[in-house]
Structure formats: structure tokens, C-alpha cells
Amino acid sequence: MSQETRHPFLQGLSKHRGVQPTIITIFGASGDLCARKLVPAIYNLAVDNLLPADFYLIGFGRKPIPDEEFRSMASEAISSFSRRPLNKEIWDRIEKNTFYCSGGYDEEEGFQKLSDKIDSIEKESGREMQSVFYVSTPPSVFDPIVKNLGKVGLATKYQDSSKHTKVVIEKPFGKDLESAQNLNRAIQGVFQERQVYRIDHYLGKETVQDLLVQRFANSIFEPLWNRNYVDNVQITVAESLGVGTRGGYYEQSGATRDMIQNHTMQLLALTAMEAPASLDAESIRDEKVKLLKAIKPLKLGYDNPDVVRAQYHEGLIGGKKVTGYRDEEGVSPQSETETYAALRLSINNWRWQGVPFYLRSGKRMARRVTEIAIQFKRPPSSLFSENEMINLANNSLVFQIQPDEGSTILLNGKIPGLQTRTQPVKMHFRYSTTFGSNTPEAYERLVLDAMIGDGTLFIRGDETEASWNLITPLHEFWKSEGQRGIETYASGSWGPSASDRMLWQNSHEWRRP
Ligand code: BG6
């Protein structure tokens, strides 16, 4: 899709935003993310003519790899994972400017070589260029990478101009409040906050950005967007996949660290925050932080707690038998890691007092779906409900983030006929029908924004800490309890019954997406 046919909101946002000459260095260049997401994203930006004429790509990793080999790894990655096929002419333009540097992440020497390479590129092309460092490594080396960028002077290069260095940090950003604070301190000891781009790839998804448009570019929702009309809000981030080959990572992470603390909390913040004063990065992030800080601490324990954790056991996905979590590769048979978590949150502010926000995320669930459902209160009068032919549903507004992107309003309508009978009916908006289906991937948008220097769709340091502040007591509690309280659910189901019971306590039930 060309830039002219992109979503109107994106056209507005990208207006007047040229990308200056740039060198992107990817740390973790032989890793999965680089092949599946980053290189294809860069390629698709080139297809859309969004890369500057002076654009260079450097892969950095521990393993020594000749430039030629890295180039063919990159072109294979594009052939396998890009949403658009490899066009040789476009790839040739990137390929000739693609290089590889090797070095240990905790050794200054490799970073000095990298700095020399950057100098020589600038010298050859006869111009100064901004550097974007994309840290896509395991989190254990985030800290040494950042410090070494500082030591060799790359962090402060062109500090006072728009060519200042940018650093993009992948998730997971810490594993609890303390480690996130330490990482923030390490980064802020070397970079200024405006140079730092903490990734949450959900923010790059078209439909997540559209949430802001739907909320703030339409006047019909705002009067209803509060405790007077909203009964409850349900955010579901369900996956049908299991942990696959990532058992080792997932054992340390679990659903709350992997999905809730970041992606799901971001969806919550965008849904519930106040209107920002403007669409600039700081205004939006200020509102998100205010919202996250207004969430009440979770009620833990065993007397109607605000959280449920569970692990999948074997079951059927798409008619095929799949193994239980504890039998997955790299997973302990006594594992205490949750593959599903559901939270009931209360937001302590004027707008949302008394409205429960239910969040759930799990692997190996019935199907892959991410949605935000605003469930409205029933009409105050029982005019219709006295008639037993009447089947009234709560009105709801559902944002389908993925797949089948769009939004749906659920209303009660009259079934045609001489009797007064009602039926819930749906009004659908589908992205693919209106805008076509070849929308940019989240990483395209995020890589472009980092090059442009727009931090709107990235997480600020205080934001990640506010979210960890809520989740960390939960992890401490679970740790102290060991196996106690871990529920199970069948693969291919909608989660454990304890999660249904949590909602029944409030006379609510989960939607079946
Ligand atoms: C990642 C998690 O952040 O998001 C994965 O680490 C998860 O476990 C993935 O599968 C889901 O992303 P998406 O874009 O496929 O919904």
C-alpha cells in the first residue's frame, strides 16, 4: 500500500515528516526478531519510499559474520517474512549499504569498531548522520550495551542537534519494579529520556492507534465514556499458540510479565485515559501515566481476590491434540509459571469509580483474538423486559484489535413481525472492507517513528514503572505461595472456571469473543 492510500490518521501524522540520513544498528542481528520483524519492516519502508536516500544498516552480534553472509540472511528474511515480495531493485539499494560488525556486548572493543565503522560511512558519504541503535537482544545484555554506547561516545554524538542518537529498547523492560528502575537508571545515566524509545509493539498496531481516533475524533462516545453509562470493560488478549520453542524464556516470564504488564496495560491506558491536550508524545504519555497511577492496588489472597492464574493442560486446538504446558520443551514439570492471567482492576478517579476493568491474557486459548469491549449499562426502565419474548442484551462497543480488525456496536433491535420481539443485532466496521487488507506491520511504524524521533508510540520510563508498581506485589505473592492457587484450563478453552467465578462475584460474565 502506498503512503497515499494509508489510513487518513496516519497520513495526518506522517505529514511533513521526512527521515534524515540514518544509520540503524541492530544489536542481536542474528536473532529471530531481526529476521522476522525488523529487516522486513525496513524493507517495507523502502518499498513505501519512506527511507532516506542515505540509509545504512549495520547488524551487530557476538558471532563473526561476513558482510556478504549478513546480506543474504537479510534477503532471505525478507523473502520469508515480508508482507510484500522481495523486489530486487529496491533490495539492491539497501543491500549495498548493509554491513555487519561483531563483538561482545560487554566488551568496549566491539563498540569502538562499530563507532569507527559509523565514522567511515559518514566520511565516505560526505555527511553527518543520525544513529538509531536497536537493542533486540536478551534483556541480560541491555545494560552493558547501553553503557558501552556511552563509553565510546556514540550515545552523545550530535547531542544538541536533531541528529542526536536514538536508542530503541525491546521488551521485556525489567522483570519487576526494582529491575525496571535499575534499567531506567542505567539508560538515563547515558542517554537523555528524549533519546530513548521503549518498544511495546502493540502500540504500533494500526487498530491500537485507531482506538485514539475512534475515541477522540468522534463526539458520540465521550458523553457515555464514564461510570454513569459503562457497566464494565473487558480486555482480552488471547492466543491459540502455546509457548512453542520459547519455554526457557517463558518460564521466567509467564503471562503477566509477557503480556499483561505491557501490551494489555497499554490497551487499558489508551481506553481509559483522559483526552490529551494534544497528540504530541508527552501529552499522551502524561495521560497514560496518570491513569496507570490511579489504579488501586490488587486485592490478593484467597477471599475473592482480584487475580486468577492458571496453566494450560493438554487439549485440542483446531481439532489437533496439543500437549500441556508442563510437558513443553524447556518447561519444568513442577512449573509455577502462569500461562493465563485474569485481573479485575478498579480505577480510582472521577470518571471510572466503581467500574470494573477485567483483563485476561493466555496462551492456548480457544482462538487468537485481541479485543476491548466496553459494556454499557442496561436501560433504566424495564419497559421491554417485562415481556418474556424479549431477550435484551447489554449494549456494547467492541474494538477488534486483531484479527478481523474493526469495531462492532451491539444493539437491541426488533425482530420483524406483528409481535414485539427483540434480538441483539450488530453494526460492524471492518478495516479490510474499508481500507484494504495490506496494512503496515507494527514494526514498520515503530522503526519509522524512531528514525523520525517521534516517541508517541513508545513507553516512557515512568509509564513502565507505574505498570510494574501494580504487577510486582502480585508476583511477590505468587512466589510466596508456590504451587498454591494455580488453576488449570484445557488447551483450546476460554480459561479456568475460577476466572468466570471472579466475574460472577460482580454479577458479570466474560464475553465469548
Ligand atoms: C510478544 C510476546 O510480546 O507478543 C509473545 O512475547 C506473544 O509471547 C506476542 O506471542 C503476541 O504478539 P502479536 O502481535 O502476535 O499479538
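The values are calculated or read from the model by the stated rules, or taken from the named source; none is laboratory data. As the structure is a computational prediction, the values presented were derived from the model and not from experiment. FYI the Cβ positions are ideal-geometry reconstructions off the backbone, even for glycines, and counts take in every protein chain you see.
Hey, any hits in segment 138-151 for a residue that's over 22 Å from ASP454 (Cα atoms) and in contact with a Pro (Cβ under 7 Å, 6 or more places away or on another chain)? Yes, the conditions are met somewhere in segment 138-151. Can you name every residue in segment 116-152 that is small (Gly, Ala, Ser) and farther than 17 Å from GLY28 by Cα? Answer for segment 116-152, where residues must be small (Gly, Ala, Ser) and farther than 17 Å from GLY28 by Cα: SER120, SER125, GLY126, GLY150.
Going through segment 138-155 one residue at a time, which ones are in a loop (DSSP other than H, G, I, E, B), closer than 21 Å to PHE458 by Cα and modelled with pLDDT of 95 or more? Within segment 138-155, just ALA155 meets the criteria. Restricting LEU457, LEU446, LEU418, LEU411 to those that are aliphatic (A, V, I, L, M) and touching a strand residue (DSSP E or B) at 6+ places or on another chain (Cβ under 6 Å) reduces the list to LEU411. Of the residues that make up segment 168-186, is at least one within 16 Å of the ligand (Cβ to nearest atom), touching a Phe, Trp or Tyr at 6+ places or on another chain (Cβ under 8 Å) and free of Cβ contacts under 8 Å to residues at least 60 places away in the same chain? Taking every residue of segment 168-186 in turn, at least one turns out to be within 16 Å of the ligand (Cβ to nearest atom), touching a Phe, Trp or Tyr at 6+ places or on another chain (Cβ under 8 Å) and free of Cβ contacts under 8 Å to residues at least 60 places away in the same chain. Being surrounded by fewer than 21 Cβ atoms within 10 Å (Cβ to Cβ) and touching a His at 6+ places or on another chain (Cβ under 7 Å) is not true of GLY319. If you go through segment 23-61 and keep only what is hydrophobic (A, V, I, L, M, F, W, C) and surrounded by fewer than 19 Cβ atoms within 10 Å (Cβ to Cβ), you end up with LEU33, ALA35, ALA46, ALA53. Going by the structure shown, is THR245 modelled with pLDDT under 95, within 12 Å of the ligand (Cβ to nearest atom) and β-branched (Val, Ile, Thr)? The answer is yes for THR245.
Pull up segment 214-258, narrow it to residues that are aliphatic (A, V, I, L, M) and surrounded by 15 or more Cβ atoms within 10 Å (Cβ to Cβ), then point me to the one that is farthest from PRO380 (Cα to Cα). Outline the logic, then answer.
Taking segment 214-258 first, the residues aliphatic (A, V, I, L, M) are 217, 220, 224, 230, 233, 235, 237-238, 241, 243, 255.
Restricting the remaining residues to those that are surrounded by 15 or more Cβ atoms within 10 Å (Cβ to Cβ) gives 230, 233, 235, 237-238, 243, 255.
Details: VAL230: 13, VAL233: 19, ILE235: 26, VAL237: 32, ALA238: 33, VAL243: 46, ALA255: 39 Å.
It comes out as VAL243.
If I filter segment 403-436 down to residues being in a strand (DSSP E or B) and among the small types (Gly, Ala, Ser), which single residue comes out as farthest from LYS205 (Cα to Cα)?
Applying the first criterion (in a strand (DSSP E or B)) to segment 403-436 yields 406-414, 422-430.
Restricting the remaining residues to those that are among the small types (Gly, Ala, Ser) gives 406-407, 413.
Working: GLY406: 12, SER407: 15, GLY413: 33 Å.
Selected residue: GLY413.
Inside segment 191-200, residues that are surrounded by fewer than 20 Cβ atoms within 10 Å (Cβ to Cβ) and in contact with a helix residue (DSSP H, G or I) (Cβ under 7 Å, 6 or more places away or on another chain) make up a count of 1.
Taken over segment 317-339, the criterion of being closer than 16 Å to TRP494 by Cβ and in contact with a Phe, Trp or Tyr (Cβ under 6 Å, 6 or more places away or on another chain) is satisfied by THR339 alone. The set of residues in segment 248-284 being of a type in the set (Gly, Ala, Ser) and within 11 Å of the ligand (Cβ to nearest atom) consists of SER253, GLY254, ALA255. Could you tell me whether any residue of segment 423-433 is within 16 Å of the ligand (Cβ to nearest atom) and touching a residue at least 60 places away in the same chain (Cβ under 8 Å)? Yes, because at least one residue in segment 423-433 is within 16 Å of the ligand (Cβ to nearest atom) and touching a residue at least 60 places away in the same chain (Cβ under 8 Å).
All conditions in (1) away from the ligand (no atom under 16 Å from the Cβ); (2) touching a helix residue (DSSP H, G or I) at 6+ places or on another chain (Cβ under 8 Å); (3) within 21 Å of VAL237 (Cβ to Cβ) hold for GLY362, with the sole exception of (1). Can you find, within segment 193-239, the residue that is farthest from PRO139 (Cα to Cα) among those that are away from the ligand (no atom under 16 Å from the Cβ) and among the β-branched types (Val, Ile, Thr)? Ranking the qualifying residues of segment 193-239, first place goes to ILE220.
Which residues, taken from segment 360-373, are within 28 Å of GLY301 (Cα to Cα) and either among the hydroxyl-bearing types (Ser, Thr, Tyr) or surrounded by 23 or more Cβ atoms within 10 Å (Cβ to Cβ) (or both)? If the condition is that a residue be within 28 Å of GLY301 (Cα to Cα) and either among the hydroxyl-bearing types (Ser, Thr, Tyr) or surrounded by 23 or more Cβ atoms within 10 Å (Cβ to Cβ) (or both), then ARG360, SER361, GLY362, LYS363, ARG364, MET365, ILE372 are the ones that fit. Answer yes or no as to whether GLY362 is at pLDDT 90 or above, more than 22 Å from the chain's Cα centre (by Cα) and not β-branched (Val, Ile, Thr). Here the answer is no, as GLY362 does not meet what is asked. Out of THR439, THR370, which single residue is in a loop (DSSP other than H, G, I, E, B) and within 16 Å of the ligand (Cβ to nearest atom)? Going through THR439, THR370 in turn, the sole match is THR439.
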